[in-house]
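The structure under discussion appears below in the form of structure tokens.
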Amino acid sequence: MEAAYKRMYEALKRQIVHKEYPVGSLLPPEPELEKEFGVSRTTVRRAIELLVRDGYIIVKRGFGTQVISRKAIQNLNRLTSISDSLEKKGHEVGIASCYTEIVSADKEKARTLAVPEGTPLVCIHRIRTADGVPVSIEENYIIASYVPGIENEDTILRLYALLKEKYGISFTGSRDIISACGAGFQEAQLLEVPPKTALITVHRVCSVRERPVELDLVRIVANIYEFEVFFEAPLE
């Protein structure tokens, strides 16, 4: 049976990730947590220590236990994956669900990937997790002739690495369109968040020497992810 402090840690972590305790807010004092979870002071303190260790909170003497930001930051000046960005912020990345199918390119996808309509595409559907909590819904479309047999792969955690190592595909660039939306009912169910929760949407086309090869359609829970971009000031 899982130790009480670990169960408490998981419960508080989920509340923090789902913004029941938003960034900047304070967790209840130890006596209140003891009563809420029906545990001892020692158990509360061990759970708090784990949350501090994993970067969810800080303990400020004389002030309280405050929730801090663990947002993954993706640099838009470089082509990086969601898993890489999450891991750099200390999250343990996993896949809750993954399945692959062969589909025919509809008009829009055919135009995006510069192939005839009806061209076979491999579609990889994934629910990605960070620290065991669902954070993104991902659909990856790849021209099937480039990746024979990929539909037989087991759960794919790092797609870009697989494409490079097994198929010799190294992307040389991408075009990203980033927007925002509220989670619909189905998205909310898959991501275990309330409907209308803010999501970041990414429409990415990855290319090899300007030849489109892969299309990513991604929806990410906004409170765990952000983007940054750097510009050099023009010389006067």
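Maximal additional length on extending the Thr201-Glu49 stretch stands at 51.3 nm, based on 0.36 nm per residue less the C-alpha distance.
For segment 1-51, the solvent-accessible area with a 1.4 angstrom probe is 60 square angstrom per residue.
Once both labels are positioned 7 Å from their Cα atoms along Cα-to-Cβ, the gap between Ser104 and Gln66 label points is 5.8 nm. Here segment 20-152 is treated as a Stokes sphere of Kirkwood radius computed over C-alpha pairs; at 4 °C and 1.567 mPa s its diffusion coefficient rounds to 70 µm²/s.
Other residues lying with their Cβ under 14 Å from the Cβ of Pro116 contribute a combined charge of 0, Lys and Arg counting +1, Asp and Glu -1. Surface exposure of segment 123-236, expressed per residue as accessible area with a 1.4 Å probe, stands at 52 Å².
Extending 7 Å from Cα along the Cβ direction at Leu217 and again at Lys166 yields two label points whose distance is 2.3 nm. Need one word for segment 106-236: rounded, prolate or oblate. Basis is the Cα gyration tensor (sqrt eigenvalues a ≥ b ≥ c); a/c below 1.5 gives rounded, then a/b vs b/c decides. Oblate, because a/c is 1.5 or more while a/b does not exceed b/c.
Normalising the average separation of contacting C-alpha pairs (under 8 angstrom, six or more residues apart) by the number of residues puts the relative contact order of the chain at 17 percent. Extension gain, Glu87 to Lys35: 0.36 nm times the residue separation minus the Cα-Cα distance gives 15.3 nm. With a Förster radius of 25 Å applied to the beta-carbon distance between Val23 and Cys181, the computed FRET efficiency rounds to 0.75. Taking 0.36 nm per residue of separation and subtracting the Cα-Cα distance, full extension of the segment from Val208 to Leu157 would add 16.2 nm.
Convex hull volume of the Cα atoms of the chain, normalised per residue: 174 Å³.
The values are calculated or read from the model by the stated rules, or taken from the named source; none is laboratory data. None of these values were measured; they are calculated from a predicted model. So basically every Cβ, Gly included, is an ideal-geometry build from the backbone, and we count neighbours across all protein chains shown. The protein model used for the area step is the full one, side chains on, heavy atoms only, and it has no ligands, DNA or RNA in it. Shrake-Rupley method; radii C 1.70, N 1.55, O 1.52, S 1.80 Å.
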